[in-house]
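What follows is a short report on a single structure.
The values are calculated or read from the model by the stated rules, or taken from the named source; none is laboratory data. The structure presented is a predicted model; accordingly, all values stated were derived computationally and were not measured. Heads up, the Cβs are rebuilt from the backbone with ideal geometry, glycines too, and the neighbour counts pull from every protein chain shown. Quick note on the areas: whole protein, heavy atoms, side chains included, nothing else; ligands and nucleic acids left out. Shrake-Rupley method; radii C 1.70, N 1.55, O 1.52, S 1.80 Å.
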Amino acid sequence: MSIVIGTNYVWNIVSATVMGLQTAAFAGCASRQKSRLDLPHSAEVGSRATEKLSDEENEEFARFQKVHQAHVEYLPLAQSSVLLAGLFYPKLSAYAGAAYIVGRLVYSISYIKCGPEGRKYGVFFICPSVITLLGASLYGGFKALALI
């Protein structure tokens, strides 16, 4: 079986690129948050630098950091899956990639505004999209190897 990369695959490349830009944007938000709170660039949650913050500021800072960490943790999986699944199912994986991007945006905003309770709104989009991308990657790969 040969893999033909058609024009539909471009949307997978766009999705993977936007995922990376989204992660970088929230890293920038976390960095600006440190500047606003007059923290050194190397400040982390629970470090000496954050001792001067009020409880409310410390909680807000922690939420920004957790959102950024969540982006970084899933980025390699999401990007590689959208690119690999796109080789076999370009439209399906592009839609799943778009759902992931929307879900990650909703997750980030709702987590920053509402705290841990806000995660559930974004996860509604993120989990099905990641499962779809992984399933399409594996199924397409196994099918290409004539294992199914």
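The table for this structure:
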{"quantity": "Every residue from region 81-98 that is among the aliphatic types (A, V, I, L, M), open to solvent by 30 Å² or more (accessible area, probe 1.4 Å) and within 15 Å of THR17 (Cα to Cα)", "calculated": "LEU83, LEU84, ALA98"}
{"quantity": "Region 54-80 residues that are at pLDDT 80 or above and open to solvent by less than 50 Å² (accessible area, probe 1.4 Å), paired with ones that are of a type in the set (Lys, Arg) and assigned to a helix (DSSP H, G or I) (beta carbon under 7 Å, 6 or more apart)", "calculated": "HIS71/ARG104"}
{"quantity": "Total residues in region 1-38, condition open to solvent by less than 80 Å² (accessible area, probe 1.4 Å), at pLDDT 70 or above and among the small types (Gly, Ala, Ser)", "calculated": "8"}
{"quantity": "Residue match in region 103-124 (condition: touching a residue at least 40 places away in the same chain (Cβ under 8 Å) and more than 30 Å from ASP55 (Cβ to Cβ))", "calculated": "no"}
{"quantity": "Some residue of region 87-95 being farther than 23 Å from TRP11 by Cα and outside any helix (DSSP H, G or I)", "calculated": "no"}
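Residue by residue, here is whether (1) open to solvent by 30 Å² or more (accessible area, probe 1.4 Å); (2) farther than 19 Å from ARG63 by Cα; (3) within 15 Å of the chain's Cα centre (by Cα) holds:
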site: VAL106; (1), (2), (3): yes, no, yes
site: GLU117; (1), (2), (3): yes, no, no
site: ILE126; (1), (2), (3): no, no, yes
site: LEU133; (1), (2), (3): no, yes, yes
site: GLY141; (1), (2), (3): no, yes, no
site: ILE148; (1), (2), (3): yes, yes, no
